[in-house]
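Encoded as structure tokens, the structure appears first; notes follow it.
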Amino acid sequence: MTTGAPTPTYPARPRRSRLRTFLPLGIAAWLVLEIWLLTVVAGAAGGWAVFLLLVAGFVLGSVVIKRAGRRAFRALSETLQQQQSGVLPQGERGSEGNGLMMLGGLLLMLPGLISDAFGLVLLIPPVQKSLSRYAERTFERKLREATTGTLGDAFQQARMHRPDGKVVPGEVIHDDERRGPGPEGEPGARPPLTG
């Protein structure tokens, strides 16, 4: 037996977010634009020039990713050494932007001229600083806007807002616990049916 509000026969379908709606369209438009641009450049400069451009982008992107990874590893090692020696680590400005540098290298490695242009823009230090400041401000604002609560509250909210909408508050009562030993001495054995 359950108590509570009846489950609607036609549960409301959750509204689709804008990101889930427009992201596939944006990716498709980006791919079409990349292919079109490559064909235009191939028509103007030749197929070998496009091939060499794509290979150069891949090599440059891998070098950038490797360099950013080494910088990040070196900064981590220095921080760990400072912590082990008892010195409080100071925020170094030189180690900032490794994530954006890796993203720029990844964009350079992707085949296409638009992704190469975005990757090269991400390698410019003033752009890295402004993007990292913007991301930090946005992250802090989202943290301030978030409601405080425990992990259990978050789990309960996630459970209550399942897509199918079927949550029935109630209590489980095990029948075996109320009965004593059965006729054969088995705990919770059911009596024979008569009738």
Task: Residue among GLY97, GLY105 that alone is at pLDDT 90 or above, within 20 Å of the chain's Cα centre (by Cα) and surrounded by 12 or more Cβ atoms within 10 Å (Cβ to Cβ) - done: GLY105
Open item on the list: Looking at segment 113-167 only, could you name the residues that are open to solvent by less than 100 Å² (accessible area, probe 1.4 Å), part of a loop (DSSP other than H, G, I, E, B) and modelled with pLDDT under 90?
Closed with: ALA146, GLY149, THR150, ASP164, GLY165, VAL167
Task: Any chance TRP48 is in contact (Cβ under 8 Å) with a residue 60 or more places away in the chain and open to solvent by 80 Å² or more (accessible area, probe 1.4 Å) - done: no
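Conditions (1) at pLDDT 85 or above; (2) at negative phi; (3) open to solvent by less than 50 Å² (accessible area, probe 1.4 Å), marked per residue:
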| residue | (1), (2), (3) |
| --- | --- |
| GLY57 | yes, yes, yes |
| GLY69 | yes, yes, yes |
| ARG74 | yes, yes, no |
| ARG93 | no, yes, no |
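The values are calculated or read from the model by the stated rules, or taken from the named source; none is laboratory data. This structure is a prediction, so every number in the text was calculated from the model and none was measured. Positions of Cβ are generated from backbone atoms using ideal geometry, with glycine treated the same way; all protein chains shown enter the neighbour counts. Accessible surface areas use protein heavy atoms only, side chains included; no ligands, DNA or RNA. Shrake-Rupley method; radii C 1.70, N 1.55, O 1.52, S 1.80 Å.
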